[in-house]
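Undergrad: What follows is a single structure, and I will ask about it in a moment.
Laboratory data are not the source of any read-out in this text; all were calculated from the coordinates shown. For clarity, every value in this text was computed on a predicted model and none was experimentally measured. A quick note on method: Cβ atoms are made from the backbone with ideal geometry, for glycine too, and the neighbour counts reach across all protein chains shown.
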Number of protein chains: 2
Amino acid sequence: MAPQLDAYFKQVEASSEDFIERLRKAVAIPSVSAMDEHRPDVVKMGQWLASELKNLGAEVELRPLGKQPHKEYLDLPPVVIGRYGNDKKKRTILVYGHYDVQPALMEDGWSTKPFELSVDEKGRMYGRGSTDDKGPVLGWLNVIEAHQKAGVGFPVNLLMCFEGMEEYGSEGLDDFINEEAKKYFKDADAVCISDNYWLGTEKPCLTYGLRGVNYYSIEISGPGQDLHSGVFGGTTHEPMTDLTKVLGTLVDTDGTILIKGIKDFVAPLTDEEKSLYGDIAFTMDNLYESLGSQTGIFPDKERTLMGRWRYPSLSIHGIEGAFSAPGAKTVIPAKVTGKFSIRTVPNMEIDPVNELVIKHVQDAFSKLNSKNTCKVWCQHAGKWWVASPKHWNFTAAGKAVEHVWGVKPDLTREGGSIPVTLTFEQATGKNVLLLPMGSSTDAAHSINEKLDRRNYIEGTKLLGAYLHYVAEEPMEG
Amino acid sequence: MAPQLDAYFKQVEASSEDFIERLRKAVAIPSVSAMDEHRPDVVKMGQWLASELKNLGAEVELRPLGKQPHKEYLDLPPVVIGRYGNDKKKRTILVYGHYDVQPALMEDGWSTKPFELSVDEKGRMYGRGSTDDKGPVLGWLNVIEAHQKAGVGFPVNLLMCFEGMEEYGSEGLDDFINEEAKKYFKDADAVCISDNYWLGTEKPCLTYGLRGVNYYSIEISGPGQDLHSGVFGGTTHEPMTDLTKVLGTLVDTDGTILIKGIKDFVAPLTDEEKSLYGDIAFTMDNLYESLGSQTGIFPDKERTLMGRWRYPSLSIHGIEGAFSAPGAKTVIPAKVTGKFSIRTVPNMEIDPVNELVIKHVQDAFSKLNSKNTCKVWCQHAGKWWVASPKHWNFTAAGKAVEHVWGVKPDLTREGGSIPVTLTFEQATGKNVLLLPMGSSTDAAHSINEKLDRRNYIEGTKLLGAYLHYVAEEPMEG
Ligand SMILES: [Zn+2]
Ligand SMILES: [Zn+2]
Ligand SMILES: [Zn+2]
Ligand SMILES: [Zn+2]
């Protein structure tokens, strides 16, 4: 395979200015899914993407998703699905990405215009969507184009699924994927998603796990309306008093979850898994730099990475209904809602965790002997995901990384969730690989989002090389 | 004295429509001190009040207070000071009130235009400022006018101090009172303030005590910026975890303050004081009605009133810097500030209470062994006030109430603070009486503020009768 890849890589180099131009055109379309007034731009972006794919010879469809829930005056942007190649003798890889972006305004503090790609002398390509997720999506288009121009045969059949609502909760997508899993996507042998980031800036990674999240509300109410603490302080049970006490029973300062039974669900650490952490390119200084403080719980990198990836955590996010502005206000809030969430890991199932949490909160409240009323519920929950990094989908990607970057990739998990990952796994029953293009400093969702030219061009090589190795991996492994 | 009072009372009845007309004119001037754009109206209201007083033959001065702190583009409205009578053989009574009002907008839900006095068939006179505090202020003017028209000699010398910034923290007034205590106000033998309310709707009261308030902030910080709980949950000490634990150590659900040493400061309940509570016109149903719930701490009225008036209380008001909106946000807030206050009573001095609170919070935080940073400070403090209800100022007012209303007044305290009360006491060294005109249902500071016609007219009689009884009380008592 090495000879074809050499020709492909050379073509990627030769076409790199064209590929950057393609990214420039995409960034120029402000496809902000969260803002009503940008909905036509999101649609325009989907149409532009479809026409680029058609020009490359792919079959493409724009699939409508109906009206936007809670905003029925808006049509959801279409899902762009496509197929490139239809050779029964080849493997079929389904790739996912999103063509919508986070909001971006100059007044948020951008140094350059967010919807104009600006490349600086170090090759940092600034622009909203550059790394999340237009760069990776266009990577797949670049792969097709470079194969055609180099005259290298395409190694697999490619199925594509690019959505326009990812940054607004992927409205409508789950149903669509479940519907199409046995139709449009039925030939998929594996799934590849490029929508996350390296752990650092130098070493590529393959991601095989994500934590889930269960998000809870505790509402404590008593008086019929907010009261003045001068007039009523000392005469009534106060919801804030109870809520702070209940919130105080959830987690210790060192992160230990105090809800009985939770830790029994957590899969024990095997020696094999433990051995994976030592080699990962990460230091405590990396942690302190991203925290902006020295407030880490654990002194060592291994335990810190496990705290992030493979153990649950509980965070208290805030309180709704209490006084939250600067200054001083002498209010007794009548109804306050504490918000907290638990990041879940194997084998914490959503319902049993909810049962333990709800029982814990109710017990803690009833011990207070308060005349107030306490309700607790799970606002939303998304399950964790872990794939086998020994699957051919991962071993192929690992070989591709070594070929392109000259290093074995880190095998990482992430502490947050990318819900579509689990949806694809469950709907298709196939292995899902997360293969990031950008690095940890790309500032997705922040001001001055960028993608390094190197990550874009080498990343395009990597996506192509991955398809070649995938074509050659033995089925079992 | 009865004959003069009879003639005076008759005149008040005869002039009552004029007095209501006077209130109508005052309500029509939207003297909202908190809104920049209404500052000219506040000034106009002060000038109108001064000209009314001049027309009645009083000496009047409009005293400037300089620029408004933090809003130096605004002049503070003037203090209207006046004197009516200068007979060395008579006692001199200093009265205080305010001519500014709370904001009021139709869209807040008013049933009538807030700046047009609307009198309904039950004699409820709706309008912003009707009861707080334009009605009581005009009561003093009505007293003068009715004496003149009835040809009844004025029983005392009257000193007046009417400010225009009460609803915005009485900016500049403390310095002014301290300055004038030995000048313009030097002849004052006692002080009377009509700016609070009856405990209920039927029985008048004299108020002899107010709680103080010490307001605290606990700031806990760690990470350099807000973090995503997916990425960082389980790796860092979280300020919200620590803050909820520290706030949970302050007070029990039943209102018991858990800060060691606080209760040792509280003056013990004497049998004499205890005996005052039984007769007060107040029921547990009154409490439940105003709470809008059955969440009272104590089952009996006596202990409830003591909880409101003569024992300290601690309320947790809220948290600044955490997630406080509806919905779900998975943030780890980097810096959170908990706000709470303690209502103080005799003999809790500001500084010793601060010392205990700060030590308690620091100890509670240090027990957590957190790497976060905790700061705690007193944002502001105002001392409690208690006067002797046996002073001639109170006994005179008590006789006046019996004369006008046919009942002995309740002797009440209030749970909140009226800071100017303590300022007058400390600056003049004289007894201060709080003599309310309005009732508990007047909705000062709310929509549909009103003053009952009966409270205004009988209240005008009461203010006049009080001055007559004051003139005759023996000096010691
Ligand atoms: Zn993304
Ligand atoms: Zn994103
Ligand atoms: Zn007032
Ligand atoms: Zn007021």
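Undergrad: Out of residues 5 or more away from A:Val95 or on other chains, whose amide H comes under 5 Å of its own, with H placed 1.01 Å from N in the peptide plane?
TA: A:Leu159, A:Met160, A:Cys161, A:Cys192
Undergrad: At 37 °C and a viscosity of 0.692 mPa s, what translational diffusion coefficient does Stokes-Einstein give for the stretch B:1-126, taking Rh as the Kirkwood radius over Cα pairs? Give it in µm²/s as a whole number.
TA: Using the Kirkwood radius from Cα pairs, D works out to 191 µm²/s.
Undergrad: Still on this structure, I have one more. Residues with amide H under 5 Å of A:Tyr216's amide H, sequence separation 5 or more or different chain, H placed in the peptide plane at 1.01 Å from N; which?
TA: HN-HN under 5 Å from A:Tyr216: A:Phe340, A:Ser341, A:Ile342, A:Gln379.
Undergrad: Would you please classify the overall shape of the stretch A:403-453 from the alpha carbon gyration tensor, given that a ≥ b ≥ c denote the square roots of the eigenvalues, rounded means a/c under 1.5, and beyond that prolate means a/b larger than b/c while oblate covers the rest?
TA: Oblate, because a/c is 1.5 or more while a/b does not exceed b/c.
Undergrad: Something else now. With θ taken as phi - 60° and the coefficients 6.51, -1.76 and 1.60, list the Karplus ³J(HN,Hα) couplings across the stretch A:401-412 in order, rounded to whole Hz; mark glycine and proline as x.
TA: Computed from phi, the couplings for the stretch A:401-412 are 4, 4, 5, 7, 9, x, 9, 6, x, 5, 9, 10 Hz.
Undergrad: Residues with amide H under 5 Å of A:Val345's amide H, sequence separation 5 or more or different chain, H placed in the peptide plane at 1.01 Å from N; which?
TA: Placed amide hydrogens put A:Gly212 under 5 Å from A:Val345.
Undergrad: Determine the shielding of peptide A:284-294 by partner chains: average, over its residues, the number of Cβ atoms on other chains within 10 angstrom of each Cβ.
TA: Shielding by partners across A:284-294 averages 4.
Undergrad: Under 12 Å between alpha carbons, and skipping anything fewer than 8 positions from A:Lys203 in its own chain: which aspartates and glutamates qualify?
TA: A:Asp279, A:Glu402, A:Asp410
Undergrad: Bin all alpha-carbon pair distances of the stretch B:1-72 at 5 Å intervals from 0 and give each bin's fraction as a whole percent.
TA: 3, 13, 15, 18, 17, 12, 9, 6, 4, 2, 1
Undergrad: Here is a follow-up. Percentage of Cα-Cα pair distances in the stretch A:182-228 greater than 16 Å, rounded to whole percent?
TA: Here the long-distance tail beyond 16 Å is 72 percent of all Cα pairs in the stretch A:182-228.
Undergrad: Take the Cα radius of gyration of chain B and divide it by 2.2 N^0.38 Å, with N its residue count; two decimals is plenty.
TA: Computed over Cα atoms of chain B, the ratio equals 1.07.
Undergrad: If you split all Cα-Cα distances of the stretch B:169-266 into 5 Å bins from zero, what percentages do you get per bin, shortest first?
TA: The calculated distribution, bin by bin, is 2, 7, 10, 11, 10, 10, 13, 11, 8, 7, 6, 4, 2, 1, 0.
Undergrad: For the stretch B:75-224, what does the alpha-carbon gyration tensor say about shape, rounded, prolate or oblate, given a ≥ b ≥ c as the root eigenvalues, a/c under 1.5 as rounded, and a/b over b/c as prolate?
TA: Oblate, since a/c reaches 1.5 and b/c is not below a/b.
Undergrad: So, one more: What does the average come to when, for each residue of peptide B:365-376, you count the partner chain Cβ atoms lying within 10 Å of its Cβ?
TA: 2
Undergrad: Quick check: the distance between the Cα centres of the stretch B:184-218 and the stretch B:91-121, to the nearest angstrom?
TA: Cα centroid of the stretch B:184-218 versus Cα centroid of the stretch B:91-121: 19 Å apart.
Undergrad: Relative contact order for chain B using alpha-carbon pairs under 8 Å, separation at least 6, rounded to a whole percent?
TA: Worked out over chain B, it gives 24 percent.
Undergrad: If you fit an axis through the alpha-carbon atoms of helix A:135-150 and take the longest principal axis of the Cα set of chain A, what angle between them do you get, 0 to 90°, nearest 10?
TA: Tilt of helix A:135-150: around 10 degrees.
Undergrad: Translational D (Stokes-Einstein, µm²/s) of the protein assembly as shown at 10 °C and 1.306 mPa s when Rh comes from the Kirkwood sum over C-alpha pairs?
TA: Diffusion coefficient, whole number: 49 µm²/s.
Undergrad: OK, next. Using the Karplus curve 6.51 cos²θ - 1.76 cosθ + 1.60 with θ = phi - 60°, work out ³J(HN,Hα) for each residue of the stretch A:94-109 in order, rounded to whole Hz, and write x for Gly and Pro.
TA: Along the stretch A:94-109, the couplings run 9, 10, 10, x, 10, 9, 8, 9, 6, x, 7, 10, 3, 5, 6, x Hz.
Undergrad: Taking 0.36 nm per residue of sequence separation and subtracting the Cα-Cα distance, how much length would be gained by fully extending the chain between B:Asp120 and B:Lys375, in nm to one decimal?
TA: Working: separation 255, 0.36 × 255 = 91.80 nm, distance 5.36 nm.
Between B:Asp120 and B:Lys375, full extension yields 86.4 nm more.
Undergrad: Excluding residues fewer than 8 places away in the same chain, name every one of the aspartates and glutamates whose C-alpha is closer than 16 Å to that of B:Lys182.
TA: Correct list for B:Lys182: B:Asp174, B:Glu425.
Undergrad: Find, to one decimal place in angstroms, the Kirkwood hydrodynamic radius of the stretch A:151-194, where the mean of 1/r is taken over every pair of different Cα atoms and then inverted.
TA: Its Kirkwood hydrodynamic radius stands at 12.3 Å.
Undergrad: Spelling out what I want: for every residue of the stretch B:26-42, take phi, set θ = phi - 60°, compute 6.51 cos²θ - 1.76 cosθ + 1.60 (Karplus), and round to whole Hz; glycine and proline get x.
TA: 5, 4, 5, 9, x, 7, 7, 6, 7, 10, 3, 5, 9, 4, x, 6, 5
Undergrad: A follow-up question, please. Under the rule a/c < 1.5 gives rounded, and otherwise a/b versus b/c splits prolate from oblate, where does the stretch A:299-371 land using the Cα gyration tensor?
TA: Oblate, since a/c reaches 1.5 and b/c is not below a/b.
Undergrad: I want the local charge near B:Ser341. Using Cβ-Cβ distances under 13 Å, sum +1 for each Lys or Arg and -1 for each Asp or Glu among the other residues. Can you show the working numbers first?
TA: Details: positive: A:Lys329, B:Arg211, B:Lys339, B:Arg343; negative: A:Glu238.
Local charge sum for B:Ser341: +3.
Undergrad: Semi-axes of the equivalent ellipsoid of the stretch B:223-316: what are they in whole Å, largest first, if each equals the square root of 5 times a C-alpha gyration tensor eigenvalue? Intermediate results must be reported in sequence, preceding the final value.
TA: Details: eigenvalues 328, 64, 13 Å².
Values for the stretch B:223-316, descending: 41, 18, 8 Å.
Undergrad: As a footprinting exposure proxy, order A:Phe162, A:Phe365, A:Phe298 by other Cβ within 10 Å, with the fewest listed first.
TA: Going from sparsest to densest Cβ surroundings: A:Phe298, A:Phe365, A:Phe162.
Undergrad: How large is Rg over Rh for the stretch A:362-450, taking Rg from the Cα atoms and Rh as the Kirkwood inverse mean of 1/r across Cα pairs?
TA: 1.20
Undergrad: Using alpha carbons only, how many degrees (0 to 90, rounded to 10) separate the axis of helix A:419-428 from the longest principal axis of chain A?
TA: Once rounded, one gets 60 degrees.
Undergrad: Relative to the longest principal axis of chain B, what angle (0 to 90°, nearest 10) does the C-alpha long axis of helix B:350-367 take?
TA: 20 degrees
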